[in-house]
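Chemist: Below you'll find the structure I mean.
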Amino acid sequence: MNLVLAKNETGRALSDSFAVARDRLPGNGKVAEARSAAFEAYERTGLPHRRIEDWKYTDLRALMREVLPLAPAPDAAALKRAAAAVKLQAIKGARPLVLVDGVFVPKLSDVGGLEKGLTVRTLRDVLEAGDAALQAQLLVPDNANPMVALNSAMMTDGVVIEIANGLVLKQPLQIIHVASGPAPAAMFTRSLLRLGKDAGVTLIESYIAADGAKTYQAHDSLVVAISDNSRLDHIRLVEDSREAFNISSAVITLGAHAHYNTFGMTSGAAVSRYQATIAFAGEHSRVETNGVNLLNGRQHADTTLFMDHAVPHCASREVFRAVADDRGHSVFQGRIIVRPDAQKTDAKMMTRALLLSDDAEADNKPELEIFADDVTCGHGATTGALDESLLFYLRARGLPEKEAQALLIQAFVGEAIESIANDDLREAAIAAAQRWLEARA
Amino acid sequence: MSLLEVKDLKVRVEEREILHGLTLTVNPGEVHAIMGPNGSGKSTLSHVIAGKPGYEVTDGQILFKGEDLLEMAPDERAAKGVFLAFQYPVEIPGVATMNFLRTALNAQRKARGESEFSTPDFLKKVREVAKSLNIPQDMLKRGVNVGFSGGEKKRNEILQMALFEPAVCILDEMDSGLDIDALRIAADGVNALRSPDRAMVVITHYQRLLNYIVPDFVHVMSKGRVVKSGGKDLALELEASGYAQFEDAA
């Protein structure tokens, strides 16, 4: 049946597009073979739809309908627009690494004076001339998920970051994805972060649109390996155009005594999906994931997390807040698996949704699969409107309705934002939330 | 011109009429006490003046400095100078008290076309008032009323009253849940705000509060009406004889 479905018109269009783009896609030999296999895997399903359980709430066949043609490399005018956007959104103190329309742009990035032990290369370089081990790591994500498979087939560029053992970077790295212009197009990017032992770094991923960029698709993926005794702080800020699609995937693995703290906020894009697999490969490691969706109009944002506890003595915390106004639709799917050997696992997940209108929707799907018997696991979820008695109190003190709501919404998402350790980054997240609130008023 | 005029006010909640034609006139500088048994409509009156949703005014008027208060949103009323000290101040986790105070004060000033307070001026002002009310600085850093005792919550209401400088203060059951020491601090705070330009309406069940905040006028409410008005001695009379006589009269 899937084969039949893939033969619809949009499927053929993409097939043609892949054939055309193939020569532009970096990598030969094994890389090219992997791309073909990934594309075949994608074609077997096509865009995922609601009859696939994992995509029940985010039916890309209905929402996205087609994959747009590959964006051309940015010209001088595109780079100028992108530079203006980057200037507005670059985070204070961070080292910018900029991808415009899916192409790494050294001129807009800061790759000078890298600390000893830090290497930054482009995905294109690594796919064309990198060593086999690094290439293999980039191709780690499997083809079972159609959007990951599509990304593997089409990826054009990205950033490959390696941090040597013992290096704790003070300066955060910010990968900025910019869509530059008005022509509807798709970009496919993949980045890799290899964090050595006893190392540490803060990675920010920002998704933005330059002035005039509206209808585009950002297809991104991230592969992260955190070695023993290392810590990664990871922040994602999705502020794409309100007509854009953002389909991002991540595969994160942790060694022993490792720490992964992540915060994601989606306030942009028409339709977005962030699907992350976080796997514990070493004991005594810890993960905190915090997420916020701020949605209005007809925005749809889906966060799908898979926490894989494969080894004992690890802990994970998931805190998720959704705010949906108008016909906004927020989806949170959190799957936790505790494998038979993963005794003493401590895994908790808490989601809260705030619905600001009768037509707003929040879907929450927790799935706990526990195969070990000595564990602490739990999940909780609430959905509700703003508390009328709090609103009245604020209004009786002189706050107009929208401002009173804004203050309560800030408080609602505040708990998740507070999890960001770095002051500048926390400020950046608060500022992003503020932009959403101001656009709403 | 009177500051606040309530004229023949009739108010319903759902299908039940709570106020059956209440009239009250408050002039600048005056302190009025409204006393009455539970269920007489005292709190309903305070809520309707402040603009709480859920009440339907079926007849009558409320004028504030001659303007129709019922046409204004709650925040407009606040900006014009109407302040309700809540019987049960709400807790707002995640909104720091200091941030709340500044946002509210500046929203009121903006609505009146005044410039916003600069941060140093604002901090100075809050610190002064907080000190006079025995409010420690760390309380201002916490979420609004979060973890505050009953007395602290009431003092926080009076802090706001002092900061916003309203023309009319409605104090709804300020004494509920306060021990005698907390009551004295709160009452001192209120008395410090008495001025020839400002009026106060003190709603209370018990005469005790009126030993500390001495009113110019006392009104007795029963079953949705003012059934007797008089001077401060009326409160003492009530203390001795109770509300039963008025319930019969109503």
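The values are calculated or read from the model by the stated rules, or taken from the named source; none is laboratory data. Since the structure is predicted, the reported quantities are computational estimates derived from the model, not experimental observations. Cβ sites come from the backbone with ideal geometry, for glycine too, and all protein chains shown count toward neighbours. Protein only, heavy atoms only, side chains kept; ligands, DNA and RNA dropped before computing areas. Shrake-Rupley method; radii C 1.70, N 1.55, O 1.52, S 1.80 Å.
Chemist: Sort the range B:84-145 into rounded, prolate or oblate with this rule: let a ≥ b ≥ c be the square roots of the eigenvalues of the Cα gyration tensor; rounded if a/c is under 1.5, and if a/c is not under 1.5, prolate when a/b is larger than b/c, oblate otherwise. Mind dumping the intermediate values first?
Modeler: Details: a/c = 1.71, a/b = 1.26, b/c = 1.36.
Since a/c reaches 1.5 but b/c is at least a/b, the shape of the range B:84-145 is classed as oblate.
Chemist: Among the listed pairs A:Lys170/B:Lys141; B:Lys42/B:Lys232; B:Lys10/B:Lys52, give every one whose C-alpha distance is greater than 27 Å. Let's see the in-between values first.
Modeler: Values: A:Lys170/B:Lys141 30 Å; B:Lys42/B:Lys232 18 Å; B:Lys10/B:Lys52 15 Å.
Exceeds cut-off: A:Lys170/B:Lys141.
Chemist: Please name whichever of A:Val331, A:Thr383, B:Val57 sits farthest to the positive end of the charge dipole of the protein assembly as shown, dipole taken about the Cα centre and charges placed at Cβ: Lys and Arg +1, Asp and Glu -1.
Modeler: A:Val331
Chemist: Under the rule of -39500 (n - 2.57) per DSSP H run of 4 or more residues, summed and divided by the residues of chain B, what mean residue ellipticity at 222 nm is obtained, to the nearest 500 deg cm²/dmol?
Modeler: On the way: 10 runs with 97 residues, N = 250.
So the calculated ellipticity at 222 nm is -11500 deg cm²/dmol.
Chemist: Quick one: if the Förster radius is 35 Å, what FRET efficiency do A:Asp363 and A:Lys92 give, using the C-beta to C-beta distance and rounding to 0.05? Intermediate results must be reported in sequence, preceding the final value.
Modeler: Details: r = 36 Å, r/R0 = 1.02.
Once the sixth-power term is evaluated, E becomes 0.45.
Chemist: Rounding to the nearest 10 and keeping the result within 0 to 90°, find how far the Cα-based axis of helix B:150-164 lies from the longest principal axis of chain B.
Modeler: With both axes taken from Cα atoms, the answer is about 80 degrees.
Chemist: Also: In Å², rounded to the nearest 100, what is the total accessible surface buried by chains B and A against each other with a 1.4 Å probe? Show your work: numbers first, answer last.
Modeler: Values: alone 11640 and 18230 Å², together 28060 Å².
Between B and A, the summed buried area is about 1800 Å².
Chemist: Using label points projected 7 Å from each Cα along Cα→Cβ, tell me how many nm separate A:Arg242 and B:Glu114, to one decimal.
Modeler: 3.5 nm
Chemist: With the cut-off at 1.5 for a/c, could you classify the range B:58-213 from its C-alpha gyration tensor as rounded, prolate or oblate?
Modeler: Details: a/c = 1.59, a/b = 1.06, b/c = 1.50.
Taking the square roots of the gyration eigenvalues as a ≥ b ≥ c, the range B:58-213 is oblate.
Chemist: Which shape class applies to chain A: rounded if a/c is under 1.5, otherwise prolate when a/b exceeds b/c and oblate if not, where a ≥ b ≥ c are the square roots of the Cα gyration tensor eigenvalues? Present the calculation step by step, with values, prior to reporting the outcome.
Modeler: Working: a/c = 1.29, a/b = 1.17, b/c = 1.11.
It is rounded, given that a/c, with a ≥ b ≥ c, falls under 1.5.
Chemist: Another question about this same structure. May I ask you to derive the FRET efficiency for B:Ala240 and A:Ser389 from their Cβ-Cβ distance with R0 = 45 Å, giving the value to the nearest 0.05? Don't jump to the answer; show the numbers that get you there.
Modeler: On the way: r = 37 Å, r/R0 = 0.83.
That gives a FRET efficiency of 0.75.
Chemist: Starting from the 7 Å offset along Cα-to-Cβ, what nm value, one decimal, do you get for the label separation of A:Ala19 and A:Ala279?
Modeler: Spacing of the two 7 Å Cα→Cβ label points: 3.5 nm.
Chemist: Measure off, as a whole percent, the carbon and sulfur share of the 1.4 Å-probe accessible area of the protein assembly as shown, all protein chains present. Don't skip to the answer; put the middle values down first.
Modeler: Values: 14050 of 28060 Å².
Its accessible area is 50 percent carbon and sulfur atoms.
Chemist: Then there is this: Report the extension gain between B:Lys232 and B:Ala73 in nm, rounded to one decimal, defined as 0.36 nm multiplied by the number of residues separating them, less their alpha carbon distance. If you can, show how the numbers build up before the last one.
Modeler: On the way: separation 159, 0.36 × 159 = 57.24 nm, distance 3.36 nm.
Gain on extension, B:Lys232 to B:Ala73, equals 53.9 nm.
Chemist: Give me the number: length gained by fully extending A:Asp326 to A:Ala37, i.e. 0.36 nm times residue separation minus the C-alpha to C-alpha distance, one decimal in nm. Walk me through the numbers before you get to the answer.
Modeler: Details: separation 289, 0.36 × 289 = 104.04 nm, distance 4.16 nm.
That works out to 99.9 nm of additional length.
Chemist: Could you give each residue of the range A:364-372 its phi-based ³J(HN,Hα) in whole Hz, using Karplus coefficients 6.51, -1.76, 1.60 with θ = phi - 60°, and x for Gly or Pro?
Modeler: Along the range A:364-372, the couplings run 9, 10, x, 9, 10, 10, 10, 10, 10 Hz.
Chemist: Can I ask one more? Which GluC sites (Glu not before Pro) in the range B:129-176 pass both tests, a DSSP loop state and at most 10 other beta-carbon atoms within 10 Å?
Modeler: On the way: sites: B:Glu152, B:Glu157, B:Glu173; in loops: B:Glu173.
Sparse-neighbourhood loop GluC sites (Glu not before Pro): none present.
Chemist: Any chance you could run the full-extension gain for A:Ala136 through A:Ala73? It's 0.36 nm times the residue separation minus the Cα-Cα distance, nm to one decimal.
Modeler: Working: separation 63, 0.36 × 63 = 22.68 nm, distance 2.59 nm.
Separation in residues times 0.36 nm, less the Cα-Cα distance, equals 20.1 nm.
Chemist: List the residues whose amide H sits under 5 Å from the amide H of A:Leu222, counting only those 5 or more places along or on another chain, with H placed 1.01 Å from N in the peptide plane.
Modeler: Distant-sequence amide H within range of A:Leu222: A:Ser191, A:Ser249, A:Ala250, A:Val251.
Chemist: Considering only protein heavy atoms, what is the solvent-accessible area of B:His47 at a probe of 1.4 Å, reported in Å² to the nearest 10?
Modeler: So the heavy atoms of B:His47 present about 30 Å² to solvent.
Chemist: Over chain B, with a Gaussian network built from C-alpha contacts below 10 Å, which listed residue (B:Arg16, B:Arg77, B:Arg198) shows the highest mean-square fluctuation?
Modeler: B:Arg16
Chemist: OK, next. Averaged per residue, what accessible surface does the protein assembly as shown expose to a 1.4 Å probe, in Å²? All intermediate terms of the calculation are to be shown ahead of the outcome.
Modeler: Details: 28060 Å² over 691 residues.
Accessible surface, normalised per residue, equals 41 Å².
Chemist: How far apart, in nm, are two points set 7 Å out from the Cα along the Cα-to-Cβ line at A:Val168 and at A:Asp346?
Modeler: 2.2 nm
Chemist: Karplus couplings for the range B:204-212 from phi (6.51 cos²θ - 1.76 cosθ + 1.60, θ = phi - 60°), rounded to Hz, Gly and Pro as x?
Modeler: Once θ is set to phi - 60°, the couplings for the range B:204-212 become 8, 8, 10, 5, 3, 4, 6, 6, 9 Hz.
Chemist: Now for a different question. By how many degrees, between 0 and 90 and to the nearest 10, does the Cα long axis of helix B:180-192 differ from the longest principal axis of chain B?
Modeler: It works out to around 80 degrees.
Chemist: Moving on. Given an 8 Å cut-off on Cα distances and at least 6 residues of separation, report the relative contact order of chain A as a percent.
Modeler: Working: 1115 pairs, mean separation 43.8, N = 441.
After rounding, I find 10 percent.
Chemist: Going down the table (A:Lys92/B:Lys154; A:Lys197/A:Lys344; A:Lys214/A:Lys402; B:Lys65/B:Lys223), which pairs top 32 Å between alpha carbons? Present the calculation step by step, with values, prior to reporting the outcome.
Modeler: On the way: A:Lys92/B:Lys154 42 Å; A:Lys197/A:Lys344 24 Å; A:Lys214/A:Lys402 27 Å; B:Lys65/B:Lys223 28 Å.
Checking Cα-Cα distances, A:Lys92/B:Lys154 exceed 32 Å.
Chemist: Give the calculated FRET efficiency between A:Arg426 and A:His379 to the nearest 0.05, with a Förster radius of 25 Å applied to their Cβ-Cβ distance. Walk me through the numbers before you get to the answer.
Modeler: Details: r = 26 Å, r/R0 = 1.04.
About 0.45, to the nearest 0.05.
Chemist: Here is a further query. Can you give the calculated 222 nm mean residue ellipticity of chain A, where each DSSP H run of n ≥ 4 adds -39,500 (n - 2.57) and the sum is split over every residue, rounded to the nearest 500 deg cm²/dmol? Before the final figure, lay out each step's value.
Modeler: Details: 11 runs with 120 residues, N = 441.
My calculation for chain A gives -8000 deg cm²/dmol from helical runs alone.
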